[in-house]
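Quick notes on the structure that follows.
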Amino acid sequence: MNLSLRQTVWLCLALSACAVLAVPGTAPGLGGEARLTLAVFALATCAWIAAPVDDTYIALGAGLALTVTGVLSADTLFATLGDATVWLLICAFVLAAAVTRTGLAGRAAAFLVTGARSVRQLVHLTTAALVVTAFAVPATSGRAALALPVFLALARSLADRRRLVVMLALSFPTVILLSAVATLIGAGAHLITVGVLLEQTGESIGFARWLVLGLPLAIVSSHLAAEAVLLTTTRREDRRGPVKITLDALQEHSATSVSGPLSPPEQRCLLLLCTVVVLWCAEPLHGVSPAVVALIGAVVASSPALGTVRMKDGLRSVPWPMLLFMAATTAMGVALVDSGAAGWLVGGMPGGVPPWAFLAVVVAVSTAAHLVLQSRSARSSVLVPLVVAAATGAGVNPVAAALASTAAAGFCHTLPASAKPVALFAEPPDGVPTFAPRDLLRLSAVLAPLSAALVLLFALAVWPLLGVPVLLESQP
């Protein structure tokens, strides 16, 4: 197998790290299990960065290596797949399949978008519609696929205004990625973060608490990003003319009706979705686990009498490789902490670092991590265990640090290959004009510091008001 220069460099780095760890005199204070864990972790990280191998295969291989060497028990490895967060995501995908089958998402988009009378209104109404989809579809790639027909319909209506079409092609994936932080099920990385926090600190973050913390950030960041896209890709004369989006144009790209009264299946699905979301939000009142609520919703959504999708069809929509990836990387995080490797890695940090400076470094590194690790879940798998361990040592609330890292890692707009939604809209079907790599780089130069500054602002000023203090000792 011929390796590229990039792959060769990363392979050499990983093997060098393993060779150093194998020498008994190096890294004093590091036990045998910790050495094995760091070696496996280094190899897996370099493979995620450079190897042309599926991320899930690498994660499973790393988890298996830790189990065979005795760092992890087999029960610990397999228990991660039965975790409540995994079941929550499985059931959420079944619910999303039911919503997609009925066409409710298309109706919601049509209701909002057809009310736009100016370019700025169109952009922000589209943004609002995309934020709402975070509650119905639990993956950014799934939301992008769901939103693509809406974009094609808008592109057809605006065919004579090419710059606006390019702007929309860029704003759709941008908002989808940044608005994922609104809900716990918005990205697999969120569930990894919750699992790490529960394992390392005993702190549990449920759907309602994540909603309170994440939704304001999602709304603000999405609309700021939409405005940034609008200003960096269009000229003043492009934004002056009126727009008129008709229901007929949207209907051409939708297999289900986007107007008229709701059909009985649509009514049942809407009622079920609203009930599930309300029960998720009311978890502190009734005490039922979000995973159990999701399981009830999935059973009803696929039932013969009330459902809109068959169970086997709903389960086909579940991204099983991502769930296996989450389970394996969660096990890796457990090994990193239990073996003492995480504590050793962050033990050399200088003391007396101000909390704002610590969080600023966490946000900056997490924002830039997409240039190295393309998988959002892989970024959280690598960063969050280290961030939590370092935060505890620095006197910073690990919940605030983990949330800041996860939210900042949601920025991945620099290259078309940095995220699946960006890649999907970089080459839409039907010959629709789309953005060029230079458009993406121009936006990234503006949006990266803006997004990082906004996450830091929330971590330092907004989240403390919502019950997540910055300092560890002030945590209730």
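Per residue, the range 255-399 exposes 44 Å² of solvent-accessible protein surface, assessed with a 1.4 angstrom probe and all protein chains in place. Peptides 228-235, 68-75 ranked from most to least packed give 228-235, 68-75, packing being the mean of other C-beta atoms within 10 angstrom over each peptide's residues. Stretching K244 away from L460 to a fully extended chain increases their span by 73.6 nm, per 0.36 nm per residue minus the current alpha-carbon distance. Just the number, please: carbon plus sulfur as a percent of the accessible area of the chain, 1.4 Å probe, no ligands or DNA/RNA counted. Carbon and sulfur atoms account for 68 percent of the accessible area of the chain. Extension gain, V361-L64: 0.36 nm per intervening residue step, less the Cα-Cα distance, totals 103.7 nm.
For S118, the residues 5 or more places off, or on other chains, whose built amide H falls under 5 Å of its own are V243. Under a Cβ-Cβ cut-off of 12 Å, what is the net charge of the residues other than G195 that fall near it, where Lys and Arg count +1 and Asp and Glu count -1? Summing Lys and Arg as +1 and Asp and Glu as -1 gives -3. Residue-wise HN-Hα couplings along the range 266-272, as the Karplus relation 6.51 cos²θ - 1.76 cosθ + 1.60 with θ = phi - 60° gives them from phi, are 5, 4, 5, 5, 5, 4, 5 Hz; Gly and Pro carry x. Once both axes come from the Cα atoms, what is the angle between helix 32-50 and the longest principal axis of the chain, in degrees from 0 to 90, rounded to 10? Relative to the chain, helix 32-50 is tipped by roughly 30 degrees. Relative to the longest principal Cα axis of the chain, at what angle does helix 188-201 sit, 0 to 90 degrees, rounded to 10? The answer is roughly 40 degrees. Matching the structure-derived Cα extents along the principal axes in Å against the labelled list (1) 80, 57, 34; (2) 61, 54, 43; (3) 73, 53, 52 gives the label (3). Ligands, DNA and RNA excluded, the heavy atoms of H223 present near 50 Å² of accessible surface to a 1.4 Å solvent probe. Scanning residues 5 or more positions from L471 or on other chains, those with amide H under 5 Å from its amide H are N397, with H placed 1.01 Å from N in the peptide plane.
Principal-axis analysis of the Cα atoms of the chain puts helix 437-457 at an angle of about 70° to the longest axis.
What the Cα convex hull of the range 262-336 gives, in volume per residue, is 115 Å³. Taking 0.36 nm per residue of separation and subtracting the current Cα-Cα distance, fully stretching the chain between C274 and R163 would add 36.2 nm. Highest mean packing comes first when the peptides 280-293, 176-189 are listed by Cβ atoms within 10 Å, giving 176-189, 280-293. Using the average count of surrounding beta-carbon atoms within 10 Å as a protection proxy, the listed peptides 197-206, 323-332 rank, highest first, as 323-332, 197-206.
The values are calculated or read from the model by the stated rules, or taken from the named source; none is laboratory data. Since the model is a prediction, treat every value here as computed from it, not as a measurement. Cβ coordinates were reconstructed from backbone atoms using ideal geometry, including for glycine residues, and neighbour counts include every protein chain displayed. The protein model used for the area step is the full one, side chains on, heavy atoms only, and it has no ligands, DNA or RNA in it. Shrake-Rupley method; radii C 1.70, N 1.55, O 1.52, S 1.80 Å.
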